[in-house]
1. With θ set to phi - 60° and the Karplus curve 6.51 cos²θ - 1.76 cosθ + 1.60, what are the ³J(HN,Hα) couplings of the range 118-126 in order, to the nearest whole Hz, using x for Gly and Pro?
2. Which residue, Ile64, Phe37, Thr97, has the largest displacement toward the positive end of the dipole of the range 34-121 when charges sit on each Cβ (Lys, Arg +1; Asp, Glu -1)?
3. What is the range 83-129 by shape, rounded, prolate or oblate, if you read a ≥ b ≥ c off the alpha carbon gyration tensor as root eigenvalues and call it rounded for a/c under 1.5, prolate for a/b larger than b/c, and oblate otherwise?
4. From the square roots a ≥ b ≥ c of the eigenvalues of the alpha-carbon gyration tensor of the range 37-122, which class results: rounded (a/c under 1.5), prolate (a/b over b/c), or oblate?
5. For the pair Asn166 and Phe71, how long in nm is the line joining their label points, each one 7 Å along Cα→Cβ?
6. Could you give the length gained on full extension between Lys148 and Glu52, defined as 0.36 nm per residue of separation minus the Cα-Cα distance, in nm?
7. How much length is gained on full extension from Phe83 to Glu59, taking 0.36 nm per residue of separation minus their Cα-Cα distance?
8. Which ordering of Glu67, Glu79 is given by a fewest-first count of other beta-carbon atoms within 10 Å?
Amino acid sequence: MSLFRKIFGGGNDSSQEDGVSEYNTPVPSNLPVDDLFTFNFKKNGGKFIYCENLNEVKEQFENILEENDWFESEVLCNETKLFSLLEENKLEYKNITAPKFFFASCENLLADEGSVLFSSNQIKHKKPNELPDNIVILATTSQILETKSDGLRAIKKKYDKDYPTNITAIKYFEKVQEEDFLTYGSSAKNLYLLLLEDL
């Protein structure tokens with residue numbers, strides 16, 4: 001997984017400096033599934049932060065809050081396992097009216113399209129366009145799967161009988177320059193992914 005650091009560790013992206021759009025970059029063939037995910041996720045405009053341990057997750061989460069001036073603001077979060085991280089940073093998640101961002105885990109990360117797969121366990125009954133424009137996701141490297149079919153199979157296996165509803169994927173993380181029928185009806189989100197190494 002050190003390849004994550006090679007791909008995302010540096011600050012300067014030469015393709016952007018040269019004026020070459022990432023949307024036109026062909027997908028390299030025969031990439032491992034984790035590299036394919038990071039390539040497509042970045043191409044879709046997602047902000048990727050690789051973390052080797054939980055201390056790095058906390059540190060990077062604080063960096064995101066500082067970068068966006070989100071300290072002591074309201075957050076939409078539906079998962080009790082994430083509340084402690086919000087409480088540590090004095091973020092309000094109860095009785096909210098105007099959340100600055102959505103904080104969640106996810107079901108899986110889909111490599112073939114660089115998207116994030118959610119269910120009602122994270123987003124309840126909301127549609128992607130009803131979520132705040134800013135999203136911070138905490139996921140693990142073991143959640144990276146190749147296709148949406150693999151993601152749906154993993155959900156079915158994980159939940160057995162108590163199958164979640166409202167299964168949806170968010171794929172676009174920035175406004176596309178030219179809209180086409182593939183992007184019609186999708187709402188772009190400013191998405192940060194905190195990816196914790198667990199393999």
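Computed from the coordinates by the stated procedures, all read-outs in this text should not be read as laboratory data. These figures come from a predicted structure and were not determined experimentally. Backbone-built Cβ (ideal geometry, glycine too); neighbour counts: all protein chains shown.
1. 10, 9, 4, 5, 9, 10, 6, 9, 6
2. Thr97
3. prolate
4. Prolate is the answer for the range 37-122, as a/c is 1.5 or above and a/b outweighs b/c.
5. Calculated label separation equals 3.2 nm.
6. Extra length from Lys148 to Glu52 when fully extended: 32.0 nm.
7. Numbers: separation 24, 0.36 × 24 = 8.64 nm, distance 1.60 nm.
Answer, rounded to one decimal: 7.0 nm.
8. Numbers: Glu67 10, Glu79 13.
Lowest count first: Glu67, Glu79.
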